[in-house]
Amino acid sequence: MATFKPKSSERIMMKCMNNKPDQSKWGDWAPDGGCKNEVLVGMDVAKVLCSACTQRTVNEPGDYRRDLK
């Protein structure tokens with residue numbers, strides 16, 4: 001079984017993409033006022049969606065906006 005080995009052991013805190021819902025393609029699932037969660041990620045991560053917003057995409061209606069990146 002292969003194990004995942006990150007490129008670097010360094011980690012940073014990154015804001016959830018839904019902290020600015022109007023700029024996020026997942027903004028339909030952001031809480032009112034934007035998401036305030038931060039996620040600990042590796043240095044090679046460009047964007048992150050927190051677990052709370054990810055869960056909302058499964059349980060709440062909304063529209064995925066492919067035109068936003």
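Overview of results
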read-out: First in the range 25-38 and among the acidic types (Asp, Glu), second anywhere and modelled with pLDDT under 90 and surrounded by fewer than 14 Cβ atoms within 10 Å (Cβ to Cβ), Cβ under 8 Å, 6 or more apart; value: ASP28/GLY62; ASP28/ASP63; ASP28/TYR64; ASP28/ARG65
read-out: Answer from ALA30, ALA46, ALA52 - the residue that is surrounded by fewer than 10 Cβ atoms within 10 Å (Cβ to Cβ), among the small types (Gly, Ala, Ser) and modelled with pLDDT of 90 or more; value: ALA46
read-out: Count of the range 22-42 residues which are within 17 Å of VAL58 (Cβ to Cβ), part of a loop (DSSP other than H, G, I, E, B) and small (Gly, Ala, Ser); value: 2
read-out: Residues satisfying the stated conditions in the range 47-64, i.e. more than 10 Å from the chain's Cα centre (by Cα) and in a loop (DSSP other than H, G, I, E, B); value: GLU60, PRO61, GLY62, ASP63, TYR64
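The values are calculated or read from the model by the stated rules, or taken from the named source; none is laboratory data. No experiment lies behind these values; they were computed from the predicted model shown. Quick reminder, even Gly has a Cβ in these numbers, built from the backbone with ideal geometry, and neighbours come from all protein chains shown.
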